[in-house]
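Step one of this worksheet: look at the structure below.
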Amino acid sequence: MTETDELRKQAAARRAARLGELIRTRFERQADFIALIDGNQGEVSALSSIPPKKSFGAIKARKIEQQAGLLPNSLDADVGSPFYAHEIDPPKNDPNQPVIEPSPADKSGTIDASSLTPNQRLKAALVPLGVSAEALAGVAKVGVDVASLWLSGEGSDVEMLHAVAIQNTYGVNSVWLLKGKGDPGVAVRYNDEFRPRDVVGNKLIPVVGMAQLGDDGHWSDLEYPVGHGNGYVDFPSRDRNAYALKCEGDSMSPRIEAGEYVIVEPNTPVKPGKNVMLRSKDGRVMVKKFLYKAAGRTYLISINKAHPPISFTDDEIEKMHFIRAIVDGDSWTPDVPYLPN
């Protein structure tokens, strides 16, 4: 077996492990994932077996990522890495200053980067990271054969567009890669000094009803006018139409417990993987995790595995709103506090 064939085999096995991790940790059943990508049972089982029983190349991985709404190249990442954009920690802002650390190759002092070709520098930077030819091809938008040559330090020279893509994905300085100048590492890290921000903008959010954490109860919204309700919950929401619901049931335990309140923001877009309040046209009001929407149906799941997934057609849903936060029952107050002049 050639070195290129071995790299392809390793990349396919890694994709199979990542696909298996995705299905196991993000979906109640494999069938839910199959419906999401409009696939079939046999193909998904073959791709996620280790080693895969069906060829799992870069083209197939990119197609699955696009269909499932995953991060680009997430099936080439290490097990435990984020699958969705919302799972990535948001970047920290100033006043913390970035600390730029040189790569191990730069620290050794044994390599004169300017004496190497761009492809030799690419090899020195990416091979120790275990980057496969398929993964590099997907990042740089080139053929696998071209990427294989690059990882061997050979082939046609890396160009600016390729270098920028590699920098954005692997943290390799594009100037160093192309010209051999500067520091090969551009990974920006921040110190861990704790600089808390004051939370401002709290307001009293009206409690307008109750929501069943399971799917077997019927609760009616109290339908108070905007800004009024059955008591209030103190929370910093920017949505002027935000409202609160008191929860009953155990389907979202231990994430949401009976007696707690959820802060609902009707003007915030709903995204897969987020908690939502759904009211069906038959009067049910429930709190669930929104899984995905496909073929005119909305699929929701519970945190508590004792409760099965549930789905609704578009015609069965009256409204579905984003849940911003969960608030303890002690935050409830029956009236607006009196503030002296």
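Read-outs: derived from the displayed coordinates by stated rules, not from any lab. Quick caveat, the model's predicted, so the values are computed rather than measured. As a convention, Cβ positions derive from the backbone with ideal geometry for all residues, glycine included, and neighbour counts pool all protein chains shown.
Worth pointing out:
- By the count of other C-beta atoms within 10 Å, a proxy for reagent exposure, Ser148, Ser311 are ordered fewest to most as Ser311, Ser148.
- Residues Trp150, Trp176, ranked from the fewest to the most other C-beta atoms within 10 Å, line up as Trp176, Trp150.
- Positive-end extreme of charge dipole, region 3-87 - chosen from Gln66, Ile37, His86 (charges on Cβ): Ile37
- Summed side-chain charge close to Asp328 - residues other than Asp328 whose Cβ falls under 10 Å, Lys, Arg +1, Asp, Glu -1: -3
- Using alpha carbons only: equivalent-ellipsoid semi-axes of region 3-87, gyration tensor based, whole Å: 19, 15, 11
- Cα extents of region 226-332 along the three principal axes, largest first (Å): 38, 29, 24
- What the Kirkwood sum gives for region 287-338 is a hydrodynamic radius of 13.7 Å, with every pair of different alpha carbons counted.
- Here Lys63 is the anchor, and the lysines within straight C-alpha reach of less than 22 Å, apart from those fewer than 8 places off in the same chain, are Lys9, Lys53, Lys54, Lys141, Lys271, Lys293.
- In nm, spacing of pseudo-spin labels at Lys319 and Leu116 (7 Å Cα→C-beta vector): 5.9 nm
- Panel order for Leu116, Leu245, by other beta carbons found within 10 Å of each beta carbon, from fewest to most: Leu116, Leu245.
- With a cut-off of 11 Å between beta carbons, the residues surrounding Phe33 carry a summed charge of 0, where Lys and Arg count +1 and Asp and Glu -1.
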